Amino acid sequence: MADWIKGAIKRPGAFKKKAKAADMSTAEYADKVLKKGSKASTRTKRQASLAKTIGKMRRRKKAAKEMLDA
């Protein structure tokens, strides 16, 4: 895990817990929170943005691995 990610995650699992309380996946909840007009707190919006960024990194890593295995 990159050092900047370790520094960016202040409350591990907090965003996932919020998503599960809303009965959504983290990606679905992030989309909802980041929609224009959302009344979510600034902290939750930042957590959503970070969750989306980490999700993109994870997809790229998976795709690169599949290319190497092929």
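For the chain, the longest principal axis of the Cα atoms and the long axis of helix 42-69 meet at an angle of about 20 degrees. Around the amide H of residue 40, modelled in the peptide plane, lies no amide H under 5 Å away from a residue 5 or more places distant or on another chain. Averaging the sequence gap over all C-alpha pairs within less than 8 Å and six or more residues apart, then dividing by the number of residues, gives the chain a relative contact order of 22 percent.
Computed over neighbours whose Cβ is under 15 Å from that of residue 20, the net charge equals +3, Lys and Arg +1, Asp and Glu -1. Working note: 222 nm ellipticity from helices only, DSSP H runs with n ≥ 4, each -39,500 (n - 2.57), summed and divided by the residues of the chain, gives -23000 deg cm²/dmol to the nearest 500. Summarising the label geometry, the points placed 7 Å from Cα in the beta-carbon direction at residue 40 and residue 20 lie 1.7 nm from one another. Take the residue pairs 36/65; 17/56; 39/65 and return only those whose Cα atoms are more than 32 Å apart. Violating the 32 Å Cα-Cα cut-off are 36/65; 39/65.
Bear in mind these aren't lab numbers, they're just calculated from the coordinates by the rules spelled out. What you see is a predicted model; the values in this text were computed from it and never measured. We place every Cβ from the backbone using ideal geometry, glycine too, and count neighbours over all the protein chains shown.
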